[in-house]
Structures are given as structure tokens and as C-alpha cells.
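Derivation of every value follows stated rules applied to the coordinates shown; laboratory data play no part. What you see is a predicted model; the values in this text were computed from it and never measured. As a convention, Cβ positions derive from the backbone with ideal geometry for all residues, glycine included, and neighbour counts pool all protein chains shown.
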Amino acid sequence: MSETYSDRLTVADFKKHAVWEYTSKDESVGPDAELAVKPVIELPVTTMEGRFIGTELVLGNGRPVFGVLLGIKLNNARLTRLILSVIVYSGERKFLFRRSSSTESAIQGLAGFLGLSQAEVFPIRYDISAYALSAPDVVVGEIPLTLSERLPKAELFKLILEEQVRARRQSEWPG
């Protein structure tokens, strides 16, 4: 598969190509403001900058579901824990769970979407070690019901910007 729009990706697309990346073309925004994406063919990856990954998740009750992980920072386990978002699929429907939204409403929303209790949903476990190279605490992890660390938005944004600068410098490093 070549380029498509991010909102048109299906579970079948992710099973064929687990990792996708945003294109940088000027015409990348579709009619509904979705972004153009293309599959990443060479795996495992060493960066998830501008990328997202579809994989099987395991809910707190042991039930497998398919999801898409957003915000993985392969060189920063702490930032990954703080900003990791997930799109959870249920049949043809999907639900975006973001820590940045109201935590309680996001937790209740995801549990309601799946028709389960919060305890049955969390923690959500994932293992992307077949697709990405990094420390074990980044590629094998979980999304807990509550975070052990919370940062004020200003501190979180500062941490995100620092990581982006670090990643950009690393990608520009010769050799």
C-alpha cells in the first residue's frame, strides 16, 4: 500500500504494515483535515518521530484488542509514559484515549466504549519489540489506570520540546 489518509487506515492495514509515518508533502491534508501517511517498510525502527504503530494490546482482564499507539519516544521512557495515547478498535469503531484530556472522563469513556469496567480495561499492556529498537521499558509497557507522575502542562510541553530538539539534533548527526 502506498500513501493514504490516516483516518482511512484499518486493522488490516496495520496487520500488513505495523508502523506508519506522516508524509511531509504540502498536499498532505485531506478534505477532512486528515494527514497523509505511508507505511514504514524497514523494521525494526530506531525512531518513532512522526510515526505511529498498530499492534495487539492486552486489557487488564486479559482480553486482546487491537490498538494504535501514538507518542512513543524510543529514547525517553518517562516522556512516553506521560504522553502515550492509544486508539482502541472495537469492530469498525475506534476510540482515542489521551492522557492529556480530562483523565477521569477519558478513562470512563474508554471503559464505556468497550462495555467494560475500568478495572477490566486497565492496565493496557503492549509489546512493540518486534517493530522498534529501544530499552525494554519503552517497547514493552503498559498504560495504567493512573499515572504515578503528573506534570503541569507547562513542564510537560517543555519536556516535549526538549525531546524534539534532541531528536532533531540526533537525526542531523553525521554518520
Legend entry - Simple spin-label estimate for Lys15 and Val140 in nanometres, 7 Å along Cα-Cβ: 2.5 nm
Legend entry - J(HN,Hα) series, region 108-119, from Karplus relation 6.51 cos²θ - 1.76 cosθ + 1.60, nearest Hz, glycine and proline x: 5, x, 5, 4, x, 4, 8, x, 10, 7, 4, 5
Inset, instruction - Grab the eigenvalues of the alpha-carbon gyration tensor for region 81-146, scale each by 5, take roots, and send me the semi-axes largest first in whole angstrom. - result: 22, 14, 11
Legend entry - Interchain or long-range residues, amide H under 5 Å from Ala132's placed H: Val45
Legend entry - In region 4-147, lysine pairs closer than 22 Å at Cα, eight or more apart or cross-chain: 8
Legend entry - Kirkwood Rh, Cα atoms: Rg over Rh of region 4-147: 0.95
